[in-house]
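Okay, structure first, notes after.
Where a number appears in this text, it was derived from the coordinates with a stated rule and is not lab data. None of these values were measured; they are calculated from a predicted model. Positions of Cβ are backbone-derived with ideal geometry, glycine not excepted, and every protein chain shown enters the neighbour counts.
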Amino acid sequence: MIASAIPTIGGILVAMAIVALIEIAVPLHARGRWNRIHLGPNLALTFLTFATNAFLNAALLTTLVWLRVKHFGLLGMVPLPGLASGVIGVLALDLSFYVAHVAMHRVPAFWCYHRVHHADPAVDVTTTIRQHPGESVIRYAFLAAFAFAFGVSPGAFAVYRIWSALNGLLEHANIRMPLWVDGLLSLVTTWPYMHKIHHSRIAAETNSNYGNIVSLFDRLFGTFTAPERGTNVRYGLDGFDDRAVQTAAGLLAVPFRKSVASAAARTGSDVTSAVPGYRARQRTNCRNA
């Protein structure tokens, strides 16, 4: 199953290249020095994530195939047409992503890994899969829990993972589009301006728009922020703009650094506007969170 991931990864890379060309044609923001600086580290973490996810996908898919034979989970016990079962399965997996994403912002130990993704000062298509391997493990733990509980079919899982990857490229893309189009489409799914708000340095904005594919769960659970602000967001996290941090090695070491407060104290940054739940966690060291 790991070998079968190669065509999928190839397809994602082709899609990433196409989106990158669109970014050049109709950029939301002009490319600056951070776009050049972050390219190498972002791609390094992207390929590391591809490798990590290939193993996790293979393990989860193998288990789902076995559980499907055993009719395990809610969907395995309820007779439903294949299409209905598939749609429910995809929505269940998207809910798992939402729950995992909220947890990564509210659980200090999880945030230590997730902040690698949020520390990018120039969000574009290369930011999409910029994440720490530890975050992949956390995400797949939630994904597995929901997939097993609902008895999601292997087919629905495959559809979700591919859709999730492609939609992620769109969400992070540095592309300009009419605000009304983004607002209209965000009534159902997550679009660039809606997701850009989630990458803001302002805590109230960072702690919103957690959704992956559908915007339903943000609206349902009160974490939705309208996309109007998405065209004018300052990206990144205070205390993490140092060039030494914004390298592949520096980003992989982020979860094991001292607290954001310590990092910001050295740079004079105001982390209170940047870090979710900062006031409750300002003395927390990620090594003992």
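The amide H of S200, built 1.01 Å from its N in the peptide plane, has T206 as neighbours under 5 Å, considering only residues 5 or more places off or on other chains. With R₀ fixed at 35 Å, the C-beta to C-beta distance from I9 to R219 puts the FRET efficiency at about 0.60. Calculated on the alpha-carbon coordinates, the convex hull of segment 57-174 measures out at 97 cubic angstrom per residue. A simple charge model with +1 on the Cβ of Lys and Arg, -1 on the Cβ of Asp and Glu and nothing else charged puts the dipole of segment 5-281 at about 480 debye relative to its Cα centre. With θ taken as phi - 60° and the Karplus curve 6.51 cos²θ - 1.76 cosθ + 1.60 applied, the whole-hertz 3J(HN,Hα) list for segment 224-241 is 8, 10, 4, x, 3, 7, x, 8, 9, 10, 8, 7, x, 10, 4, x, 10, 8 Hz, x standing for glycine and proline. Residues L237, L252, L45, ranked from the fewest to the most other C-beta atoms within 10 Å, line up as L252, L45, L237. Close amide H pairs (under 5 Å, H built 1.01 Å from N) link I175 with L28, residues at least 5 positions away or on another chain.
Put in line by how crowded their Cβ is, counting other Cβ atoms within 10 Å and starting with the fewest, K196, K70 read K70, K196.
Mean separation of Cα pairs under 8 Å and 6 or more residues apart, divided by the residue count, gives the chain a relative contact order of 23 percent. Ellipticity at 222 nm from helices only: DSSP H runs of n ≥ 4 in the chain, each -39500 (n - 2.57), divided by the residue count, give -19000 deg cm²/dmol. Each residue of segment 92-103 was assigned a 3J(HN,Hα) from its phi angle through the Karplus curve 6.51 cos²θ - 1.76 cosθ + 1.60 (θ = phi - 60°); the sequence is 5, 5, 5, 5, 4, 5, 4, 4, 4, 5, 4, 4 Hz, with glycine and proline shown as x. Listed from fewest to most Cβ neighbours within 10 Å, the set S96, S208 follows the order S208, S96.
Each part reduced to its alpha carbon centroid, segment 196-216 and segment 53-130 end up 18 Å apart. The modelled label-to-label distance for the pair R106/A204, using points 7 Å beyond Cα in the direction of Cβ, is 2.0 nm. Between E228 and A30, the C-beta separation translates, for a Förster distance of 25 Å, into a calculated FRET efficiency of about 0.75.
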